[in-house]
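Asks: Below is the structure I would like to discuss, written out as structure tokens.
The values are calculated or read from the model by the stated rules, or taken from the named source; none is laboratory data. Not measured: the values here are computed from a predicted model. Virtual Cβ from ideal backbone geometry, glycine too; neighbours counted across all protein chains shown. These accessible areas exclude ligands, DNA and RNA; they are computed on the full protein's heavy atoms, side chains included. Shrake-Rupley method; radii C 1.70, N 1.55, O 1.52, S 1.80 Å.
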Amino acid sequence: MIPGLVPMTPGAVSFLALSGALVLLAWSPWRGRFIVGLALAAVVMLASWLRPLDALALGLFLAGPYLAAEILWGRKDLGGGAVSWIVLVWQIALFLVVKRYGGFDLLGGLGHPVSIIGASYILFRQIHLVVDAPYIGHLPFSALRYLSYTSSPWTLIAGPIQRYDAFCKGLDLIGRPQTEDVRKAANRVVNGLIKAFVFAPLFLAPSSVGTLALPESDWIDFFIVLYGYPVYLFLNFSGYVDIVIGAARLCGFTTLPENFNRPYLARNPAEFWTRWHMSFGIWVRHYVFTPLSTFLIKRAPPRFGGLMMAITVMVTFYLVGLWHGPTSNFVVFGLLQGAGVVVSASFGRWLKRRVGKTTHKAIEAHQGLRWLAISLCFSFTCATFLFLNNSVGDVIGSLLAFLS
Amino acid sequence: MDQAPTKPKGWVLPLCFALIIGAAFVELLFRVVIFPDWRDVSQANFERHPIYGTFQKPNMVIRRFNPPNYDVINRTNSRGFRDRDEGFDDDLAGIWAAGASNSYGAFMEDDEIFSARLQQRGYKVANLSSEGHRLGAQIRVVRHLVSQGYRPRAVLFEMTLNNALGEYGQDIADLMKPLKIQTDAPSARQDGTASALLKRQVTRLKKAARISWLAIKGRLINNSAFYTWLKVGINGIPALRDWTLKVGLRADVTLVDPTPPGLLRDVPETPNDVLIQSAVDLSVAVKDWVGQTLNVPFAIILVPGPHHLNPKDFSRYMRHLGLDENEMDATRPFRLLKQGLIANGVPVLDTAPALLASDEFLRFPDDGHMNATAHAIVAGEVAKFLAHELGLEPDL
């Protein structure tokens, strides 16, 4: 860690200073060397978090996929081959050890000597690079680009998850944006700061489910707990994304993907995941859902297609839950979301068969029913989010105490 | 015809952004390069205690840093006392040293505080003091320990003039009542329902939105290396230190005294003397309570204030206030308090003669608290007092 420098998070003074430095570089005659500045900024941000042992672990974590990408770059003949698989297995195993997942907690005996900031998001980008390296050989690749892509200060801690081609395109666009775009980007940064650091914290403390166990809690408290955390999470996360997208756009880097599209207006859980943490949803679809469903459906008799799809959804969301955290509450969250997707999709198909295409379309277009679906989906989402913020025991115990 | 230049629309937020980024640059420079020790200048070392009010956090190890004044480590035990952890129960069977910031020794190393020096001389001493306490809160500490079954050999209350002067009517009345648990302290209160928590959060936001110079300064000292450097770090550079003092950018510690100037007027009686009488009344009440409840000796350790110890500083202070030094007396509150205590049968240790005789610099350059030299002198005086006046020999 750098003395005096507290770990950088978006919104921290040091992060804003770093962003400002990148903006100045992007607007300067030296913008051609922006990649060097971005890599340097990544190192500074990492150095604000990492102790010497952490830095060593990060070096190890970054090395494998980089070497694999170097080997596989543009080599379509090696696509999906042994190199990719070995590195992917190695990298995921490393990730599980560093993040202390049950069964992989090999460092527990040493008092968990290492911790790597942003390991999840670095891993997402690494998997993308290793899997797609054979097919994106037309893009430039170097150690600097690899470091900047995997550990860019804009996206290190919580995304959004960008594809490498979009990253390269973003680098090509570096420069001073149009005045109106500067204004919009600066607006977005300030709005993000207000959302994430002024309004979001209001809802965090009141959303602890444990307060429902208090005898004086009533139904108003119940709804505050139920809806408080999702409001907090949205304001905090989308505020953060606003800050980093705005900061990147000020440099002319306009290709960072959006992460939210009015998620709480989704009509069902499947749609919710196309609106919430979108870059993560797309990544999961590309690298987990699609390969797994293809694998299962190919091997199962056609009449089990629906079942295979349901299994794929449940496995995918089980992994989504595990990614959020290694404890049981996150698994419950993932499985509930998966069940929601399966049930709502099955219901949609059943309804279509039952009432016919035309009536189904009319039902979908009906404003009243639309808002009913939105409120049901929102409430379901909020109920599952209880498990993101509380342990399973706390949720069940507090709700039972509240209802008794 | 000339066309008026079009004014760019909506530049308020971008300007805010530019200001934020500019400030962030400066701030980062100070955090990393110019003043990396900034976090040690102001530490969050207190928490709410249900009985003591504000009290030190337990198991604290924090650096107190203020160049060129001090650079020390403060430790507290698992109960929040500036004392050892192992053996604290033994210490609680010895002398109880109660007091405020001087006894707590905020800017001292652990072994430099006068209570620790007494320990080095063979006395078992429990330091009950708290940096943020007034005497009333220290009485609650003593009473709480008694309610837990601890019994001291003696109870000493350190009073530093002129901070010790105040209105103690409520504290005297409280001494007659059962020990009160302050249920409004957050640590004693359950978090409350979700709606109560939400209301509290909104209130906090509203409070934060209020413009208060004092609150802004408080936030800045905790969050800004640049401000902290201007406030404290700059003192590490002698030329800048002198310059800021000269032009009035920095408060001169010699020109600060919490005493109402009227109390310093060299006349037989002033309206402000009620503050002295109140301190006497409190001391008498505590002495009686200690006698009745514990049947052990009680005494007041009187420590003179900075102006009492440094007549030249007092002259400057008087000139600063535009008062005639010849009509004022820096020692008056101390003298009257001592006389009042003696008249009411409260044993008093007057540390002023020994401190004045030392001819040493007894405070910090920018802070009026006792320095290590003063603590050593006070420890010597207390040891003599314990042996000769209270008849208490060292335990070891």
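Asks: Between A:Phe199 and B:Ser78, what is the label-point separation in nm under the 7 Å Cα-to-beta-carbon projection?
Replies: Taking the two extended label points, one gets 4.6 nm.
Asks: Among A:Ile224, A:Tyr287, A:Leu336, whose Cα projects farthest towards the positive end of the dipole of the protein assembly as shown, with charges put on the beta-carbon of Lys, Arg (+1) and Asp, Glu (-1)?
Replies: A:Tyr287
Asks: Okay, moving on. Near B:Lys231, which lysines are there with a Cα under 29 Å away, not counting those fewer than 8 places off in the same chain?
Replies: Reachable lysines: B:Lys57, B:Lys206, B:Lys207, B:Lys217, B:Lys246, B:Lys312.
Asks: So how much accessible surface do B and A hide from each other in total, probe 1.4 Å, in square angstrom to the nearest 100?
Replies: Using a 1.4 Å probe on protein heavy atoms, the buried area is about 2700 Å².
Asks: Moving to a separate point now. I need the GluC sites (Glu not before Pro) found in the range B:268-336, filtered to DSSP loop residues with at most 15 other beta carbons within 10 Å of theirs.
Replies: Within the range B:268-336, the qualifying GluC sites (Glu not before Pro) (loop, at most 15 other Cβ atoms within 10 Å) are B:Glu269.
Asks: Averaged over A:185-198, how many beta carbons belonging to a partner chain fall within 10 Å of each residue's beta carbon?
Replies: 3
Asks: Across the Cα atoms of the range A:281-327, what radius of gyration and what greatest pairwise Cα-Cα distance (Dmax) are found, in Å?
Replies: 11.5, 36
Asks: How would the range A:331-385 be classified by its alpha-carbon gyration tensor: rounded, prolate or oblate, with rounded meaning a/c under 1.5 and the a/b versus b/c comparison settling the rest?
Replies: oblate
Asks: Right, something else. Treating the beta-carbon of each Lys and Arg as +1 and of each Asp and Glu as -1, no other charges, what is the dipole magnitude of the protein assembly as shown about its Cα centre, to the nearest 20 debye?
Replies: 4660
Asks: Classify the range B:73-133 from the C-alpha gyration tensor, please: rounded if a/c falls under 1.5, else prolate or oblate depending on whether a/b exceeds b/c.
Replies: Because its axes are fairly even, with a/c under 1.5, the range B:73-133 counts as rounded.
Asks: Would you work out the relative contact order for chain A, in percent, from Cα pairs under 8 angstrom that are 6 or more residues apart?
Replies: Once normalised by length, the contact order is 16 percent.
Asks: Which trypsin sites (Lys or Arg not before Pro) from the range A:1-87 combine a DSSP loop assignment with at most 12 other Cβ atoms within 10 Å?
Replies: Here no trypsin sites (Lys or Arg not before Pro) fit, given the DSSP loop and packing criteria.
Asks: Next question, about the same structure. If you count, for every residue in A:21-29, the Cβ atoms of partner chains within 10 Å of its Cβ, what is the mean?
Replies: Counting other chains' Cβ atoms within 10 Å and averaging over A:21-29 gives 1.
Asks: Can I ask one more? Dipole of the range B:296-396 (Lys/Arg Cβ +1, Asp/Glu Cβ -1, origin at the Cα centre): which of B:Ala387, B:Ala376, B:Ala357 lies farthest to the positive side?
Replies: Value computed over the given set: B:Ala357.
Asks: A follow-up question, please. What FRET efficiency comes out for B:Thr203 versus A:Ile374 if R0 is 30 angstrom and r is the Cβ-Cβ distance? Round to the nearest 0.05.
Replies: 0.40
Asks: Of the trypsin sites (Lys or Arg not before Pro) in the range B:190-283, which ones lie in a loop per DSSP and count no more than 12 other C-beta atoms within 10 Å?
Replies: Passing both the DSSP loop test and the Cβ count: B:Arg210.
Asks: Run the numbers on the range B:70-158 and let me know its relative contact order in percent, using alpha-carbon pairs under 8 Å that are six or more apart.
Replies: Relative contact order comes out at 37 percent.
Asks: Let me ask something else. Which lysines does B:Lys384 reach when only Cα atoms under 25 Å apart count, and residues fewer than 8 places away in its own chain are ignored?
Replies: Cross-link targets: B:Lys124, B:Lys287, B:Lys338.
Asks: Can you give me the Cα centroid spacing of the range A:65-110 and the range B:357-379 in angstrom?
Replies: Each part's Cα centre sits 63 Å from the other's.
Asks: For peptide B:18-26, what's the mean number of Cβ atoms from other chains within 10 Å of each residue's Cβ?
Replies: Per residue, the average neighbour count from other chains is 6.
Asks: If the cut-off is 17 Å between C-alpha atoms, which lysines fall inside it for A:Lys352, apart from same-chain ones fewer than 8 positions away?
Replies: A:Lys352 reaches A:Lys361.
Asks: Pick from A:Arg285, A:Arg349, A:Arg145 the residue whose mean-square fluctuation is largest in a GNM of chain A, springs joining Cα atoms under 10 Å.
Replies: Highest fluctuation of the listed residues: A:Arg349.
Asks: For the range A:152-250, take the alpha-carbon Rg, divide it by the Kirkwood Rh, and send me Rg/Rh.
Replies: 1.17
Asks: If you don't mind, another one. Compute, for chain B, the length of the dipole vector about the Cα centre, with Cβ point charges of +1 (Lys, Arg) and -1 (Asp, Glu) only. Units Debye, rounded to 20.
Replies: That gives chain B a dipole magnitude of about 1860 debye.
Asks: Return the single residue from B:Val382, B:Val12, B:Val256 with maximal mean-square fluctuation; model: Gaussian network over chain B, springs between Cα atoms under 10 Å.
Replies: Looking only at B:Val382, B:Val12, B:Val256, the biggest GNM fluctuation is shown by B:Val12.
Asks: Let me ask another. Divide by every residue of chain B the summed helix terms, -39500 (n - 2.57) for each DSSP H run of at least 4, and state the resulting mean residue ellipticity at 222 nm, rounded to the nearest 500 deg cm²/dmol.
Replies: -12500 deg cm²/dmol
Asks: Counting residues in the range B:200-357 as N, plug N into 2.2 N^0.38 Å and put the Cα Rg over that result.
Replies: That works out to 1.40 for the range B:200-357.
Asks: Per DSSP H run of at least 4 residues, take -39500 (n - 2.57); add these up for chain A, divide by its residues and hand me the 222 nm value, nearest 500 deg cm²/dmol.
Replies: -22000 deg cm²/dmol
Asks: Counting only heavy atoms of protein chains, what accessible area per residue, in Å², does the range A:81-142 have with a probe of 1.4 Å?
Replies: 44
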